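Enquirer: Supplied in structure tokens, the structure appears directly below.
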Amino acid sequence: MPHAVPATLATLVVGALGGALFAWVGLPAAWLSGAMIAVALASLAKMPAHVPTPLRDGLFVVLGVTMGTGVTPDTIERIGEWPFTMALLGVTMISVMGATYLYQRRVAGWDRETSYFAAIPGALAVVMAMTLSYPRADVGRVALAQSVRLFILMAVLPSLIAGSGAPVLDISAQPPAGPGLPLLAALVALAGLIGFGTARAGVPAGGMTGPFFMSAILSATGTVDIILPGWLTHAALIGLGCVVGTRFSD
């Protein structure tokens, strides 16, 4: 692609501004959705938008490590306490995903890969990262479907719950401090090597899957308390939003 460096810089700047605006307004998944929408609009307005593949792969590594930090020793210890709840949750997710998939395939007429990823009831960053690993899926349609779902869950549903008098979860607590910068750099470098290996081995979304399992194992066993700094996770979400946003001009 000609003029790739200026196009990349422009794309990242537009994405960062979009993410910052969404965060300032207080919209859900602000850094990802803001960057995605800003770059999509800029792309549709004929701005050259580009995110190089090595940068995209690096984003997947950071996102995989971030996902794995959610698996803690407490999670492993308490998993046996909720067999009925976990079973019910599994049945509910499969039912919702199946119904959504059938609607998008039979009614909306979407292709199989696009319908599958659009129906996954997961975190937006995870679903979009997985979608980008499957070239046959329509990234724009998946992003639209997942963004609407996220808006309903994060913006509409809490308002309805608050209006009903039910307590709303307070997530304002400050996260604990993470590892020092040298250890953090070593962990990310190790995750990158593992992600490269799993991707070369043909593991689906291997660039993210490998770092996820590495992070999950280290976190669940208590070996390392991995907590990525906010600026790094925000940058990764902005970058992923930029990658998705460039697909709207395809």
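Enquirer: Could you give the nm distance between label points at W231 and A99, where each point is 7 Å from its Cα heading toward the beta carbon?
Expert: Rounded to a tenth, the inter-label distance reads 4.5 nm.
Enquirer: Need one number: nm distance between label points at D111 and A87, each 7 Å from Cα along Cα→Cβ, rounded to one decimal.
Expert: 4.0
Enquirer: Additional query: As an exercise, use a Förster radius of 41 Å and the Cβ-Cβ distance of R200 and V25 to find the FRET efficiency, rounded to the nearest 0.05. Could the numbers behind the result be given before it?
Expert: Values: r = 41 Å, r/R0 = 1.00.
Once the sixth-power term is evaluated, E becomes 0.50.
Enquirer: Let me ask something else about it. Taking the mean number of other Cβ atoms within 10 Å as a proxy for protection, how do you rank 209-215, 126-132 from highest to lowest?
Expert: On the way: 209-215: 23.9, 126-132: 22.1.
Descending mean neighbour count gives 209-215, 126-132.
Enquirer: Same structure again: Can you work out the Karplus-derived ³J(HN,Hα) for every residue in the range 52-69? Use 6.51 cos²θ - 1.76 cosθ + 1.60 with θ = phi - 60°, whole Hz, and x for glycine or proline.
Expert: Here the 3J(HN,Hα) series is x, 4, x, 5, 4, 5, x, 4, 4, 4, 4, 5, x, 4, 4, 4, x, 5 Hz.
Bear in mind these aren't lab numbers, they're just calculated from the coordinates by the rules spelled out. Since the structure is predicted, the reported quantities are computational estimates derived from the model, not experimental observations. Methodologically, a virtual Cβ is constructed for each residue, glycine included, from the backbone with ideal geometry; neighbour enumeration extends over all protein chains shown.
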